[in-house]
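Worksheet: one structure, shown below.
The values are calculated or read from the model by the stated rules, or taken from the named source; none is laboratory data. The model shown is predicted, which means the values in this text are computed figures rather than measured ones. Glycine also receives a Cβ, built like all others from the backbone with ideal geometry; neighbour counts cover every protein chain displayed. We work out accessible area using only protein heavy atoms, side chains counted, and drop any ligands, DNA or RNA first. Shrake-Rupley method; radii C 1.70, N 1.55, O 1.52, S 1.80 Å.
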Amino acid sequence: MNKLDYQLSLEDMPTQWFNFFPHLPKPLPPVRDNGKRSTLEISQLIRPKILLEQNAPKENWIDIPEEVINKLIMCGRPTPLRRALSLEKHLKTPARIYFKREDTMATGSFKLSTAVAQAYYAKQEGREILISETGAGQWGMSVALVSQMFGLDARIFMARCSLEQKPYRQHYMKMLGCEVYPSPSTKTECGKELLLQTPGHPGSIGSAISEAIENALDTPGSAYLSGSNVNHVHLHQTLLGLEVKQQLSMAGESNVDHLVACVSGGSNLCGFMMPFLPEKNSGAKIDMLGVESTASPRLTQGTYEYCRSDVAGYTPEVLSHSMGESYIPAPVHVGGLRNHNSSPLVSLLCREGILRAEALDEFNAFKAGQIMLKTEGILVAPESSHAVAAAIDLAEKARIENKESVIVFLASGNGFLDLQGYNDVLNN
């Protein structure tokens, strides 16, 4: 009988982050600092110093502080890799399908892997309050939880449409003592201006970033944390791919043909895939696939241009695939994929042919999530359902071609707090 789950022991959990920068096809393009106020100065004020250093690490491997490791274990790392035998049987495919279960983490998503580290460094610097943004709420939940772990306060700006669609994530954050504001809000000048320009603005990750940074600049003793789109976050998330490599070895798999993850700012995808770059650079034929939402199809339809991640001009201009800073994504239920631009790292990987991208609409993604629930008993987050759908397509192609292949997709979060979205999309 085939084994289902591959679980690392606590002793086998990675104790270092993997520096993938030397393995990139070319250096990341330089940023532009053309704002009315220096974005470098802003970043130095609101971010812990060591996180800025980790945006361009010099060591090949970066030691993870012991306290961070202990907190990550407390939150559920290492997470399982599971063979999707029931899904394989349902699809009648010769492909072997595995999925990395980040849904088992304490907040139900992979986001804790960087939240713990960032909160630790903020505490070490004497910061007293963590301020950030969130799209669908998974990141906000993680920041709220780690703030309590380290005895800090927390404040979150959440994209308005997602806050209205997913009220239980707000309830969770408030139970932990976290302040939660819809974005755009009337708490910041940026929020007021957005509401004046577009009454009923549904909010976006870009609007929430702007408000969080403005609020952090106005709040003494605060630290601004990012959930995605910046290099130190991608670095922290390499735990995902490092674990998967060990777990595939445990499963007796010497090669992987397809790695699949949903993509917005790119932290789950980069953390999952970047540890496989050395093998790909050495000639391994690994198909790396990023799946985005048609609500904000940056990689498949956007322009490769210099733009900011926020809408108020607090972040530097970076070269990335973008729908434009003024783009307001539709208020769909996949809140974590509603970003107007992708990260410079993900964009570079696409430009250089390391990563290919597909865009899926909400209905087809949710249908795949339903298939996953019916076959494997796992309800994934709406964002993760995009990766499920792409993995199913790959498995069906393998069936048509009668070709064995190894497919690994990332179940980046669970969907229990997204059931209203599933209901709205699949039953309307």
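Leaving ligands, DNA and RNA out of it, rank GLU133, GLU41, GLU189 by accessible area with a 1.4 Å probe, largest first. Working shown, then result.
On the way: GLU133 15, GLU41 85, GLU189 120 Å².
Result, largest first: GLU189, GLU41, GLU133.
For the pair GLU53 and ALA106, how long in nm is the line joining their label points, each one 7 Å along Cα→Cβ?
Between GLU53 and ALA106, the simple spin-label model gives 2.6 nm.
Before rounding to the nearest 500, sum -39500 (n - 2.57) across all DSSP H runs of length at least 4 in the chain and divide by the residue total; then give [θ] at 222 nm in deg cm²/dmol.
Helix contribution divided over all residues of the chain: -12000 deg cm²/dmol.
Roughly what % antiparallel, to the nearest 5, for the DSSP beta bridges in the chain?
35 percent
I'd like the distance separating the alpha-carbon centroids of the range 230-270 and the range 17-86, in whole Å.
14 Å
Quick one: if the Förster radius is 30 Å, what FRET efficiency do ASN2 and TRP61 give, using the C-beta to C-beta distance and rounding to 0.05?
The value I calculate is 0.35.
Would you mind checking which residues have amide H under 5 Å from ALA359's amide H? H placed 1.01 Å from N; only 5 or more apart, or other chain.
Amide H neighbours of ALA359: GLU292.
Tell me which lysines have Cα within less than 18 Å of LYS3's Cα, excluding those fewer than 8 residues away on the same chain?
Correct list for LYS3: LYS89, LYS100, LYS245.
Just the number please: accessible area per residue for the chain, 1.4 Å probe, all protein chains included, in Å². Can you show the working numbers first?
Values: 16190 Å² over 428 residues.
Spelled out: the 1.4 Å probe surface of the chain, per residue, equals 38 Å².
Please compute one quarter of the surface area of the Cα convex hull for the chain and express it in square nanometres.
19.0 nm²
What's the extension gain from ASP33 to GLN370 if we count 0.36 nm per residue and subtract their Cα-Cα distance?
Result for the pair: 116.8 nm of gain on full extension.
Go through LYS36/LYS192; LYS166/LYS374; LYS49/LYS187; LYS285/LYS403; LYS111/LYS367 and tell me which ones have a Cα-Cα distance over 21 Å in this structure.
From the list (LYS36/LYS192; LYS166/LYS374; LYS49/LYS187; LYS285/LYS403; LYS111/LYS367), the Cα-Cα distance tops 21 Å for LYS166/LYS374; LYS49/LYS187; LYS111/LYS367.
Please give the solvent-accessible surface of TYR120 in Å², to the nearest 10, using a probe radius of 1.4 Å with every protein chain present.
30 Å²
Can you list the residues, at least 5 places off or on another chain, whose amide H is less than 5 Å from the amide H of VAL334, using H built in the peptide plane?
Result for VAL334 returns nothing.
Report ³J(HN,Hα) in whole Hz for each residue of the range 284-299, in order, from the Karplus equation J = 6.51 cos²θ - 1.76 cosθ + 1.60 where θ = phi - 60°; Gly and Pro get x.
5, 8, 9, 7, 9, 10, x, 10, 10, 9, 5, 6, 8, x, 4, 6
Please sort 46-55, 225-234 by packing, taking for each peptide the average over its residues of neighbouring beta carbons within 10 angstrom, highest first.
225-234, 46-55
Under 5 Å between amide hydrogens, which residues at least 5 positions from VAL311 or on another chain qualify, with H placed 1.01 Å from N in the peptide plane?
SER210
May I ask you to list the residues of the range 66-81 whose amide nitrogen lies under 16 Å from a point 7 Å from Cα along the Cα→beta-carbon direction of GLU11?
Hits in the range 66-81 for GLU11 at 16 Å: 78.
Provide the solvent-accessible area of GLU358, counting protein heavy atoms only and rolling a 1.4 Å probe, rounded to the nearest 10 Å².
GLU358 has an accessible surface of roughly 60 Å² with all protein chains in place.
What distance in nm separates the two pseudo spin-label positions at ASN281 and GLU128, each 7 Å out from Cα along the beta-carbon direction?
Simple spin-label model gives 4.5 nm for this pair.
Give, as a single signed number, the net charge of other residues whose beta carbon lies under 11 Å from the beta carbon of LYS192, with Lys and Arg counted +1 and Asp and Glu -1.
Working: positive: LYS187; negative: GLU189, GLU193, GLU211, GLU214.
Net local charge, LYS192 excluded: -3.
What's the magnitude of the charge dipole for the chain around its Cα centre, counting Lys and Arg as +1 and Asp and Glu as -1 at the beta-carbon? Answer in Debye, nearest 20.
Details: 40 positive and 46 negative charges, 101 e Å.
Its charge dipole is roughly 480 debye.
Going highest first, how would you order 57-67, 313-323 by mean Cβ packing within 10 Å?
Top of the packing list down: 313-323, 57-67.
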